[in-house]
Amino acid sequence: MTKAGSDHDGNFTNPYGRNGWELFVGSVTGPYIGVVLSLVALQYTAAGIVSSISSISPILIIPASIVIFKEKVLPK
């Protein structure tokens with residue numbers, strides 16, 4: 001019996017078919033870019049507007065999730 005995410009020899013296999021360095025670069029640069037852009041927005045815009053736009057970002061991701069990843073989005 002093998003564990004999930006491992007082959008028959010017990011070696012780890014990446015279920016997503018990506019290299020580890022791509023995931024590492026994305027996980028480091030993504031939040032960095034997000035924080036930098038939010039600080040730039042705070043510098044040039046009122047704090048209330050920046051806060052409102054930042055808080056609706058999960059809602060703005062839903063259409064991209066449906067179109068790009070073909071995910072079914074259900075209301076919960």
Full extension from Thr13 to Leu39: what is 0.36 nm times the residue separation minus their Cα-Cα distance, to one decimal in nm? 5.5 nm
Would you mind classifying the stretch 20-69 by shape? Square roots of the alpha carbon gyration tensor eigenvalues, ordered a ≥ b ≥ c; an a/c under 1.5 is rounded, otherwise it is prolate if a/b is larger than b/c and oblate if not. oblate
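Every read-out reported here was derived from the displayed coordinates using simple, explicitly stated rules and does not represent laboratory data. Nothing here was measured: the structure is a model prediction, and the numbers come from that model.
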